[in-house]
Amino acid sequence: MGSVPAWARAYVAGVALLALACLAPLPHLRVPWGIVALLAVLYAGCERVTLPLRPRGAGETTQGMGTFLPVLLAGAFLLPPSAAALVALPGALLARVEQRPRGPRRIWRAAQLAVAAWAASRVYGALGGRDALVAPDFPYALVPAGAAVLTFCAVLTVLDCGILALAERAPVRGAWHGLFARSLAPVAVHGLAGLMMAVLWRSPYGPVAALLVLLPMYVSCWVFAQYHRERAAHQATIRALVQAVDIKDGYTRGHSERVGRASVLIARELGMHDERVEVLRFAGILHDVGKLGVPTRLLRKDGPLTPEERRVIELHPEYGHEMVRGIGFLGEARSAILHHHERLDGSGYPYGLAGTQIPEFARVVAVADAFDAMTSTRSYSRARPVPAALEELGRCAGTQFDARMVAALARALDRHGWHPAVTADIAPAVVPGMPPAHPSGTVGRSAP
(Lines give C-alpha, C1' and ligand atoms only; values in the text may rest on other atoms or scores of the structure.)
Protein backbone atom coordinates (compact mmCIF):
# COMPACT_ATOMS: atom_id res chain seq x y z
CA MET A 1 0.00 0.00 0.00
CA GLY A 2 2.95 2.33 -0.51
CA SER A 3 0.95 4.51 -2.90
CA VAL A 4 -2.64 3.41 -2.33
CA PRO A 5 -5.19 4.25 -5.02
CA ALA A 6 -8.29 6.12 -3.90
CA TRP A 7 -10.56 3.15 -4.61
CA ALA A 8 -8.37 0.89 -2.49
CA ARG A 9 -8.48 3.36 0.41
CA ALA A 10 -12.27 3.50 0.11
CA TYR A 11 -12.37 -0.30 0.11
CA VAL A 12 -10.29 -0.48 3.30
CA ALA A 13 -12.56 2.10 4.91
CA GLY A 14 -15.61 0.06 3.89
CA VAL A 15 -14.21 -3.13 5.41
CA ALA A 16 -13.36 -1.19 8.59
CA LEU A 17 -16.96 0.03 8.80
CA LEU A 18 -18.16 -3.53 8.28
CA ALA A 19 -15.97 -4.64 11.19
CA LEU A 20 -17.49 -1.94 13.39
CA ALA A 21 -20.95 -3.16 12.40
CA CYS A 22 -19.95 -6.65 13.53
CA LEU A 23 -19.01 -5.21 16.94
CA ALA A 24 -22.14 -3.06 17.29
CA PRO A 25 -24.32 -5.65 19.16
CA LEU A 26 -21.77 -6.03 22.00
CA PRO A 27 -23.44 -3.63 24.46
CA HIS A 28 -26.69 -5.61 24.24
CA LEU A 29 -25.21 -9.07 24.70
CA ARG A 30 -24.25 -11.16 27.70
CA VAL A 31 -20.58 -11.62 26.94
CA PRO A 32 -18.08 -13.68 28.99
CA TRP A 33 -15.65 -10.77 29.18
CA GLY A 34 -13.07 -12.83 31.06
CA ILE A 35 -12.70 -15.22 28.11
CA VAL A 36 -12.66 -12.29 25.65
CA ALA A 37 -9.94 -10.48 27.60
CA LEU A 38 -7.78 -13.58 28.03
CA LEU A 39 -7.99 -14.56 24.37
CA ALA A 40 -7.40 -10.98 23.20
CA VAL A 41 -4.31 -10.60 25.42
CA LEU A 42 -3.07 -14.03 24.35
CA TYR A 43 -3.47 -13.22 20.65
CA ALA A 44 -1.81 -9.82 21.06
CA GLY A 45 1.11 -11.41 22.88
CA CYS A 46 1.48 -14.10 20.20
CA GLU A 47 1.48 -11.44 17.50
CA ARG A 48 4.28 -9.55 19.22
CA VAL A 49 6.55 -12.55 19.59
CA THR A 50 5.88 -14.06 16.15
CA LEU A 51 8.55 -13.48 13.56
CA PRO A 52 7.07 -11.36 10.75
CA LEU A 53 6.57 -13.14 7.44
CA ARG A 54 6.82 -11.43 4.08
CA PRO A 55 3.42 -10.21 2.92
CA ARG A 56 2.24 -11.15 -0.53
CA GLY A 57 0.69 -8.28 -2.40
CA ALA A 58 -0.95 -5.10 -1.28
CA GLY A 59 -3.29 -6.88 1.11
CA GLU A 60 -1.81 -8.91 3.92
CA THR A 61 -2.97 -12.41 3.11
CA THR A 62 -3.72 -15.20 5.54
CA GLN A 63 -0.17 -16.47 5.21
CA GLY A 64 1.25 -13.06 6.02
CA MET A 65 -0.87 -12.31 9.07
CA GLY A 66 -2.43 -13.93 12.07
CA THR A 67 0.16 -16.66 12.54
CA PHE A 68 -1.67 -17.68 15.74
CA LEU A 69 -5.04 -18.17 14.11
CA PRO A 70 -5.91 -20.97 16.59
CA VAL A 71 -6.57 -18.27 19.20
CA LEU A 72 -8.98 -16.43 16.91
CA LEU A 73 -10.73 -19.63 15.86
CA ALA A 74 -11.00 -20.77 19.47
CA GLY A 75 -12.73 -17.46 20.12
CA ALA A 76 -15.10 -18.16 17.24
CA PHE A 77 -15.96 -21.55 18.82
CA LEU A 78 -16.34 -20.23 22.38
CA LEU A 79 -17.87 -16.77 21.97
CA PRO A 80 -20.80 -14.99 20.33
CA PRO A 81 -19.95 -13.55 16.88
CA SER A 82 -19.44 -9.94 18.03
CA ALA A 83 -17.20 -11.00 20.91
CA ALA A 84 -15.20 -13.29 18.61
CA ALA A 85 -14.60 -10.32 16.28
CA LEU A 86 -13.34 -8.25 19.21
CA VAL A 87 -10.62 -10.78 20.09
CA ALA A 88 -8.61 -9.95 16.97
CA LEU A 89 -8.54 -6.16 17.30
CA PRO A 90 -5.87 -5.45 19.97
CA GLY A 91 -3.34 -7.88 18.52
CA ALA A 92 -3.89 -6.77 14.93
CA LEU A 93 -3.70 -3.07 15.77
CA LEU A 94 -0.52 -3.50 17.83
CA ALA A 95 1.24 -6.02 15.58
CA ARG A 96 4.52 -5.19 13.87
CA VAL A 97 4.12 -4.03 10.27
CA GLU A 98 7.19 -3.89 8.06
CA GLN A 99 5.84 -1.92 5.12
CA ARG A 100 4.52 1.61 4.95
CA PRO A 101 2.00 3.09 5.43
CA ARG A 102 1.72 1.21 8.70
CA GLY A 103 -1.52 2.79 9.94
CA PRO A 104 -3.73 1.74 7.02
CA ARG A 105 -2.13 -1.71 7.02
CA ARG A 106 -2.94 -2.21 10.72
CA ILE A 107 -6.52 -1.03 10.19
CA TRP A 108 -6.91 -3.34 7.21
CA ARG A 109 -5.44 -6.27 9.13
CA ALA A 110 -7.70 -5.71 12.16
CA ALA A 111 -10.86 -5.19 10.11
CA GLN A 112 -10.23 -8.21 7.91
CA LEU A 113 -9.65 -10.56 10.85
CA ALA A 114 -12.62 -9.18 12.79
CA VAL A 115 -15.03 -9.73 9.89
CA ALA A 116 -13.66 -13.24 9.24
CA ALA A 117 -13.91 -14.22 12.93
CA TRP A 118 -17.47 -12.83 13.12
CA ALA A 119 -18.54 -14.83 10.07
CA ALA A 120 -16.89 -18.03 11.32
CA SER A 121 -18.55 -17.72 14.72
CA ARG A 122 -21.91 -17.03 13.09
CA VAL A 123 -21.70 -20.16 10.94
CA TYR A 124 -20.46 -22.25 13.86
CA GLY A 125 -23.37 -21.20 16.04
CA ALA A 126 -25.95 -21.65 13.28
CA LEU A 127 -24.88 -25.28 12.82
CA GLY A 128 -25.19 -26.04 16.55
CA GLY A 129 -21.47 -26.10 17.19
CA ARG A 130 -21.64 -24.68 20.70
CA ASP A 131 -24.16 -27.32 21.83
CA ALA A 132 -21.96 -30.05 20.30
CA LEU A 133 -18.97 -28.57 22.10
CA VAL A 134 -20.67 -28.72 25.51
CA ALA A 135 -22.20 -32.20 25.00
CA PRO A 136 -19.58 -33.19 23.60
CA ASP A 137 -21.05 -34.67 20.43
CA PHE A 138 -18.27 -36.34 18.46
CA PRO A 139 -17.76 -36.65 15.53
CA TYR A 140 -20.60 -34.22 14.70
CA ALA A 141 -18.64 -31.46 16.45
CA LEU A 142 -16.23 -31.52 13.51
CA VAL A 143 -18.95 -30.51 11.04
CA PRO A 144 -19.69 -27.01 12.37
CA ALA A 145 -15.99 -26.51 13.11
CA GLY A 146 -15.08 -27.42 9.52
CA ALA A 147 -17.75 -25.10 8.15
CA ALA A 148 -16.49 -22.28 10.36
CA VAL A 149 -12.91 -22.81 9.15
CA LEU A 150 -14.02 -22.77 5.51
CA THR A 151 -15.99 -19.59 6.15
CA PHE A 152 -13.04 -17.94 7.89
CA CYS A 153 -10.72 -18.82 5.00
CA ALA A 154 -13.25 -17.80 2.33
CA VAL A 155 -13.91 -14.39 3.90
CA LEU A 156 -10.20 -13.65 4.18
CA THR A 157 -9.69 -14.68 0.56
CA VAL A 158 -12.60 -12.60 -0.76
CA LEU A 159 -11.39 -9.52 1.10
CA ASP A 160 -7.81 -10.08 -0.08
CA CYS A 161 -9.00 -10.44 -3.68
CA GLY A 162 -10.73 -7.09 -3.39
CA ILE A 163 -7.66 -5.24 -2.15
CA LEU A 164 -5.40 -6.93 -4.70
CA ALA A 165 -7.76 -6.05 -7.55
CA LEU A 166 -8.05 -2.40 -6.46
CA ALA A 167 -4.49 -1.73 -5.25
CA GLU A 168 -2.53 -3.83 -7.74
CA ARG A 169 -5.15 -4.43 -10.46
CA ALA A 170 -4.52 -8.14 -10.16
CA PRO A 171 -6.96 -10.48 -11.99
CA VAL A 172 -9.59 -11.51 -9.44
CA ARG A 173 -9.87 -15.06 -10.77
CA GLY A 174 -6.17 -15.81 -10.47
CA ALA A 175 -5.95 -14.09 -7.07
CA TRP A 176 -8.89 -16.12 -5.71
CA HIS A 177 -7.52 -19.50 -6.77
CA GLY A 178 -4.01 -18.70 -5.57
CA LEU A 179 -4.97 -17.24 -2.18
CA PHE A 180 -7.66 -19.76 -1.28
CA ALA A 181 -5.62 -22.81 -2.28
CA ARG A 182 -2.56 -21.53 -0.44
CA SER A 183 -4.37 -20.60 2.77
CA LEU A 184 -6.91 -23.41 3.14
CA ALA A 185 -4.50 -26.09 4.42
CA PRO A 186 -2.79 -23.97 7.13
CA VAL A 187 -6.09 -22.44 8.25
CA ALA A 188 -7.63 -25.93 8.48
CA VAL A 189 -4.76 -27.08 10.71
CA HIS A 190 -5.13 -23.98 12.86
CA GLY A 191 -8.87 -24.63 13.01
CA LEU A 192 -8.31 -28.10 14.47
CA ALA A 193 -5.97 -26.60 17.06
CA GLY A 194 -8.58 -23.93 17.84
CA LEU A 195 -11.25 -26.61 18.28
CA MET A 196 -8.94 -28.53 20.61
CA MET A 197 -8.43 -25.34 22.64
CA ALA A 198 -12.20 -24.81 22.86
CA VAL A 199 -12.86 -28.42 23.95
CA LEU A 200 -10.18 -28.27 26.65
CA TRP A 201 -11.42 -24.85 27.74
CA ARG A 202 -14.87 -26.30 28.40
CA SER A 203 -13.41 -29.40 30.09
CA PRO A 204 -12.72 -29.72 33.83
CA TYR A 205 -9.07 -28.83 33.13
CA GLY A 206 -10.03 -25.29 32.08
CA PRO A 207 -8.10 -22.53 30.27
CA VAL A 208 -4.66 -23.63 31.47
CA ALA A 209 -4.94 -26.94 29.60
CA ALA A 210 -6.29 -25.10 26.56
CA LEU A 211 -3.24 -22.85 26.44
CA LEU A 212 -0.93 -25.87 26.22
CA VAL A 213 -2.23 -26.41 22.68
CA LEU A 214 -0.30 -23.32 21.61
CA LEU A 215 3.09 -24.84 22.43
CA PRO A 216 3.26 -27.22 19.44
CA MET A 217 1.71 -24.49 17.29
CA TYR A 218 4.50 -22.11 18.24
CA VAL A 219 7.08 -24.78 17.39
CA SER A 220 5.49 -25.24 13.96
CA CYS A 221 5.52 -21.46 13.42
CA TRP A 222 9.20 -21.37 14.34
CA VAL A 223 9.91 -24.11 11.78
CA PHE A 224 7.96 -22.14 9.19
CA ALA A 225 10.00 -19.05 10.00
CA GLN A 226 13.18 -21.09 9.51
CA TYR A 227 11.91 -22.09 6.09
CA HIS A 228 11.44 -18.42 5.20
CA ARG A 229 14.96 -17.63 6.38
CA GLU A 230 16.30 -20.39 4.16
CA ARG A 231 14.31 -19.02 1.25
CA ALA A 232 15.68 -15.54 1.93
CA ALA A 233 19.17 -17.03 1.78
CA HIS A 234 18.34 -18.55 -1.61
CA GLN A 235 17.16 -15.18 -2.84
CA ALA A 236 20.36 -13.57 -1.62
CA THR A 237 22.32 -16.17 -3.59
CA ILE A 238 20.29 -15.37 -6.70
CA ARG A 239 20.90 -11.66 -6.26
CA ALA A 240 24.64 -12.28 -5.91
CA LEU A 241 24.65 -14.20 -9.20
CA VAL A 242 22.76 -11.40 -10.93
CA GLN A 243 25.16 -8.79 -9.58
CA ALA A 244 28.06 -10.86 -10.86
CA VAL A 245 26.47 -10.87 -14.35
CA ASP A 246 25.84 -7.12 -14.17
CA ILE A 247 29.47 -6.48 -13.25
CA LYS A 248 30.74 -8.69 -16.05
CA ASP A 249 28.34 -7.35 -18.70
CA GLY A 250 27.99 -3.70 -17.70
CA TYR A 251 26.09 -2.81 -20.86
CA THR A 252 22.99 -4.61 -19.60
CA ARG A 253 23.12 -3.61 -15.93
CA GLY A 254 19.65 -3.88 -14.36
CA HIS A 255 18.35 -5.85 -17.33
CA SER A 256 17.80 -9.04 -15.33
CA GLU A 257 15.60 -7.41 -12.70
CA ARG A 258 13.48 -5.73 -15.36
CA VAL A 259 13.05 -8.98 -17.28
CA GLY A 260 11.91 -10.55 -14.01
CA ARG A 261 9.42 -7.74 -13.53
CA ALA A 262 8.07 -7.99 -17.09
CA SER A 263 7.78 -11.78 -16.72
CA VAL A 264 5.69 -11.30 -13.57
CA LEU A 265 3.39 -8.87 -15.39
CA ILE A 266 2.80 -11.45 -18.13
CA ALA A 267 2.30 -14.29 -15.63
CA ARG A 268 -0.27 -12.39 -13.60
CA GLU A 269 -2.14 -11.40 -16.74
CA LEU A 270 -2.27 -15.09 -17.69
CA GLY A 271 -3.73 -15.92 -14.26
CA MET A 272 -0.84 -18.06 -13.00
CA HIS A 273 -0.86 -19.01 -9.32
CA ASP A 274 1.39 -17.03 -7.00
CA GLU A 275 3.85 -19.89 -6.58
CA ARG A 276 4.45 -20.13 -10.34
CA VAL A 277 4.64 -16.35 -10.62
CA GLU A 278 7.43 -16.30 -8.05
CA VAL A 279 9.37 -19.06 -9.83
CA LEU A 280 8.90 -17.25 -13.13
CA ARG A 281 10.30 -14.09 -11.55
CA PHE A 282 13.42 -16.08 -10.65
CA ALA A 283 13.57 -17.34 -14.25
CA GLY A 284 13.51 -13.79 -15.58
CA ILE A 285 16.13 -12.60 -13.12
CA LEU A 286 18.48 -15.52 -13.83
CA HIS A 287 17.92 -15.95 -17.57
CA ASP A 288 21.36 -14.52 -18.42
CA VAL A 289 23.34 -16.09 -15.57
CA GLY A 290 25.17 -18.26 -18.12
CA LYS A 291 27.04 -15.16 -19.28
CA LEU A 292 29.35 -15.81 -16.35
CA GLY A 293 30.79 -18.61 -18.49
CA VAL A 294 31.31 -16.40 -21.56
CA PRO A 295 34.66 -14.61 -21.99
CA THR A 296 34.38 -11.00 -20.86
CA ARG A 297 36.15 -9.75 -23.99
CA LEU A 298 33.22 -11.01 -26.09
CA LEU A 299 30.58 -9.45 -23.88
CA ARG A 300 32.37 -6.09 -23.99
CA LYS A 301 33.59 -6.21 -27.57
CA ASP A 302 33.18 -3.01 -29.56
CA GLY A 303 31.71 -3.75 -32.94
CA PRO A 304 29.92 -6.71 -34.51
CA LEU A 305 30.64 -10.26 -33.44
CA THR A 306 32.14 -12.82 -35.80
CA PRO A 307 30.18 -16.02 -36.44
CA GLU A 308 32.57 -17.95 -34.19
CA GLU A 309 32.20 -15.41 -31.38
CA ARG A 310 28.43 -15.49 -31.71
CA ARG A 311 28.43 -19.28 -31.39
CA VAL A 312 30.40 -18.97 -28.16
CA ILE A 313 27.94 -16.45 -26.73
CA GLU A 314 25.01 -18.63 -27.80
CA LEU A 315 26.27 -21.25 -25.35
CA HIS A 316 25.21 -19.08 -22.40
CA PRO A 317 21.75 -20.70 -21.96
CA GLU A 318 23.42 -24.09 -21.51
CA TYR A 319 26.01 -22.63 -19.16
CA GLY A 320 23.23 -21.05 -17.12
CA HIS A 321 21.25 -24.27 -16.96
CA GLU A 322 24.29 -26.13 -15.66
CA MET A 323 24.90 -23.45 -13.01
CA VAL A 324 21.38 -23.70 -11.56
CA ARG A 325 20.80 -27.43 -12.12
CA GLY A 326 21.23 -28.22 -8.42
CA ILE A 327 18.96 -25.45 -7.09
CA GLY A 328 15.81 -27.45 -6.47
CA PHE A 329 13.41 -24.65 -5.62
CA LEU A 330 13.86 -23.04 -9.06
CA GLY A 331 11.75 -25.78 -10.64
CA GLU A 332 10.42 -24.63 -14.02
CA ALA A 333 12.77 -21.66 -13.99
CA ARG A 334 15.63 -23.94 -15.08
CA SER A 335 13.87 -24.80 -18.34
CA ALA A 336 13.30 -21.10 -19.02
CA ILE A 337 17.00 -20.36 -18.53
CA LEU A 338 17.87 -23.10 -21.02
CA HIS A 339 15.25 -22.36 -23.67
CA HIS A 340 14.52 -18.61 -23.59
CA HIS A 341 16.23 -18.13 -26.98
CA GLU A 342 14.20 -20.78 -28.79
CA ARG A 343 11.82 -19.48 -31.47
CA LEU A 344 8.33 -20.69 -32.33
CA ASP A 345 9.40 -21.42 -35.90
CA GLY A 346 12.21 -23.69 -34.68
CA SER A 347 15.12 -21.47 -35.75
CA GLY A 348 16.25 -20.56 -32.25
CA TYR A 349 18.91 -22.04 -30.00
CA PRO A 350 20.27 -24.09 -28.27
CA TYR A 351 18.08 -27.02 -29.47
CA GLY A 352 15.84 -25.58 -32.18
CA LEU A 353 12.58 -26.37 -30.36
CA ALA A 354 9.37 -25.19 -32.03
CA GLY A 355 5.84 -24.27 -30.93
CA THR A 356 4.62 -25.87 -27.74
CA GLN A 357 7.83 -27.88 -27.47
CA ILE A 358 9.23 -24.70 -25.92
CA PRO A 359 8.37 -24.62 -22.19
CA GLU A 360 5.76 -22.03 -21.19
CA PHE A 361 8.16 -20.23 -18.86
CA ALA A 362 10.72 -19.91 -21.66
CA ARG A 363 8.11 -18.36 -23.96
CA VAL A 364 7.25 -15.80 -21.29
CA VAL A 365 10.87 -14.88 -20.58
CA ALA A 366 11.63 -14.60 -24.30
CA VAL A 367 8.99 -11.88 -24.71
CA ALA A 368 10.05 -10.09 -21.51
CA ASP A 369 13.72 -10.24 -22.52
CA ALA A 370 13.09 -8.84 -26.01
CA PHE A 371 10.81 -6.11 -24.68
CA ASP A 372 13.36 -4.84 -22.19
CA ALA A 373 16.15 -5.01 -24.76
CA MET A 374 14.15 -2.74 -27.05
CA THR A 375 12.93 -0.28 -24.40
CA SER A 376 16.20 0.17 -22.47
CA THR A 377 18.70 2.87 -23.38
CA ARG A 378 22.19 1.43 -23.51
CA SER A 379 25.55 2.69 -24.65
CA TYR A 380 25.08 1.18 -28.10
CA SER A 381 21.38 1.81 -28.79
CA ARG A 382 18.67 4.20 -27.79
CA ALA A 383 15.46 2.97 -26.26
CA ARG A 384 12.41 2.50 -28.45
CA PRO A 385 9.08 3.85 -27.21
CA VAL A 386 6.91 1.22 -25.57
CA PRO A 387 4.27 1.29 -28.36
CA ALA A 388 6.99 0.75 -30.98
CA ALA A 389 8.43 -2.17 -29.00
CA LEU A 390 4.98 -3.76 -28.65
CA GLU A 391 4.36 -3.27 -32.36
CA GLU A 392 7.63 -5.06 -33.15
CA LEU A 393 6.77 -7.89 -30.76
CA GLY A 394 3.38 -8.20 -32.45
CA ARG A 395 5.03 -8.34 -35.86
CA CYS A 396 7.22 -11.24 -34.70
CA ALA A 397 4.40 -13.05 -32.86
CA GLY A 398 3.75 -16.49 -34.25
CA THR A 399 7.22 -16.90 -35.74
CA GLN A 400 9.60 -15.83 -32.98
CA PHE A 401 7.34 -15.17 -30.00
CA ASP A 402 4.20 -16.74 -28.54
CA ALA A 403 1.31 -14.44 -29.53
CA ARG A 404 -0.49 -15.18 -26.25
CA MET A 405 2.48 -13.92 -24.24
CA VAL A 406 2.80 -10.80 -26.39
CA ALA A 407 -0.90 -10.01 -25.94
CA ALA A 408 -0.65 -10.56 -22.17
CA LEU A 409 2.30 -8.16 -21.93
CA ALA A 410 0.39 -5.52 -23.93
CA ARG A 411 -2.61 -5.79 -21.60
CA ALA A 412 -0.43 -5.66 -18.49
CA LEU A 413 1.45 -2.58 -19.72
CA ASP A 414 -1.84 -0.88 -20.51
CA ARG A 415 -2.77 -1.34 -16.84
CA HIS A 416 0.53 -0.74 -15.11
CA GLY A 417 2.76 1.16 -17.54
CA TRP A 418 6.52 0.70 -17.90
CA HIS A 419 9.48 2.81 -16.80
CA PRO A 420 12.69 1.86 -18.67
CA ALA A 421 16.01 2.96 -17.29
CA VAL A 422 19.53 3.56 -18.56
CA THR A 423 21.50 0.36 -17.90
CA ALA A 424 25.04 1.36 -18.85
CA ASP A 425 27.51 3.40 -16.85
CA ILE A 426 28.43 5.70 -19.72
CA ALA A 427 26.25 8.26 -21.46
CA PRO A 428 23.90 6.77 -24.05
CA ALA A 429 25.10 7.04 -27.60
CA VAL A 430 24.74 5.06 -30.79
CA VAL A 431 28.04 3.44 -31.73
CA PRO A 432 28.84 3.91 -35.43
CA GLY A 433 28.46 0.70 -37.42
CA MET A 434 26.45 -0.95 -34.63
CA PRO A 435 23.16 -2.54 -35.78
CA PRO A 436 20.00 -1.48 -33.92
CA ALA A 437 18.46 -3.61 -31.19
CA HIS A 438 16.77 -6.69 -32.58
CA PRO A 439 13.61 -8.07 -30.95
CA SER A 440 15.56 -11.11 -29.77
CA GLY A 441 17.91 -8.84 -27.87
CA THR A 442 20.87 -9.53 -30.22
CA VAL A 443 22.67 -6.23 -30.40
CA GLY A 444 26.08 -5.62 -31.90
CA ARG A 445 28.68 -6.47 -29.32
CA SER A 446 26.69 -8.87 -27.16
CA ALA A 447 24.07 -11.47 -27.73
CA PRO A 448 21.37 -12.18 -25.15
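The values are calculated or read from the model by the stated rules, or taken from the named source; none is laboratory data. This is a predicted model, so every value here is computed, not measured. All Cβ positions, even for glycine, are placed from backbone atoms using ideal geometry, and neighbour counts span all protein chains on display. Ligands, DNA and RNA are excluded from the accessible area calculation, which covers all protein heavy atoms including side chains. Shrake-Rupley method; radii C 1.70, N 1.55, O 1.52, S 1.80 Å.
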Inset, instruction - For the stretch 257-269, state whether one or more residues are open to solvent by 10 Å² or more (accessible area, probe 1.4 Å), among the acidic types (D, E), under 19 Å from S335 (Cα atoms) and more than 23 Å from the chain's Cα centre (by Cα). - result: no
Inset, instruction - Answer yes if at least one residue in the stretch 296-307 is of a type in the set (D, E), farther than 21 Å from I266 by Cα, part of a loop (DSSP other than H, G, I, E, B) and open to solvent by 20 Å² or more (accessible area, probe 1.4 Å), and no otherwise. - result: yes
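When you scan the stretch 206-217, do you find a residue that is part of a helix (DSSP H, G or I), in contact with a Leu (Cβ under 6 Å, 6 or more places away or on another chain) and either without any contact (Cβ under 8 Å) to a residue 12 or more places away in the chain or of a type in the set (D, E, K, R) (or both), even just one?
Checking the stretch 206-217: at least one residue is part of a helix (DSSP H, G or I), in contact with a Leu (Cβ under 6 Å, 6 or more places away or on another chain) and either without any contact (Cβ under 8 Å) to a residue 12 or more places away in the chain or of a type in the set (D, E, K, R) (or both).
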Legend entry - Conditions (1) open to solvent by 10 Å² or more (accessible area, probe 1.4 Å); (2) under 18 Å from A111 (Cα atoms); (3) at pLDDT 85 or above: number failed by L164: (3)
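Might you let me know whether the stretch 6-17 holds any residue that is hydroxyl-bearing (S, T, Y), at pLDDT 80 or above and open to solvent by 50 Å² or more (accessible area, probe 1.4 Å)? Walk me through how you get there before you give the answer.
So in the stretch 6-17, the residues hydroxyl-bearing (S, T, Y) come out as 11.
Then drop every residue that is not at pLDDT 80 or above, which leaves 11.
Pick out the ones that are also open to solvent by 50 Å² or more (accessible area, probe 1.4 Å) and you get 11.
Yes - at least one qualifying residue is present in the stretch 6-17.
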Inset, instruction - Look at the stretch 22-32 and say how many of its residues are open to solvent by 60 Å² or more (accessible area, probe 1.4 Å) and either within 20 Å of P104 (Cβ to Cβ) or without any contact (Cβ under 8 Å) to a residue 40 or more places away in the chain (or both). - result: 3
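Taking the condition over 16 Å from L280 (Cα atoms), buried (at least 17 other Cβ atoms within 10 Å of the Cβ) and not aromatic (F, W, Y), does G326 pass? First the steps, then the outcome.
On the way: over 16 Å from L280 (Cα atoms): yes; buried (at least 17 other Cβ atoms within 10 Å of the Cβ): no; not aromatic (F, W, Y): yes.
The answer is no for G326.
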Inset, instruction - Any residue in the stretch 74-91 that's over 15 Å from L133 (Cβ atoms): show its pairings with residues that are among the β-branched types (V, I, T) and in a loop (DSSP other than H, G, I, E, B) at Cβ separation under 9 Å, as long as the two are six or more apart or on different chains. - result: S82/V31; A83/V31; L86/V31
Legend entry - Hits in the stretch 273-294 - residues which are open to solvent by 20 Å² or more (accessible area, probe 1.4 Å) and outside any helix (DSSP H, G or I): H273
Inset, instruction - Only residues that are over 20 Å from K291 (Cβ atoms) and open to solvent by less than 30 Å² (accessible area, probe 1.4 Å): list them for the stretch 332-351, please. - result: G346
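Name every residue in the stretch 71-102 that is open to solvent by 40 Å² or more (accessible area, probe 1.4 Å) and not in a loop (DSSP other than H, G, I, E, B), in order of residue number.
L86, P90, L93, L94, R102, listed by residue number.
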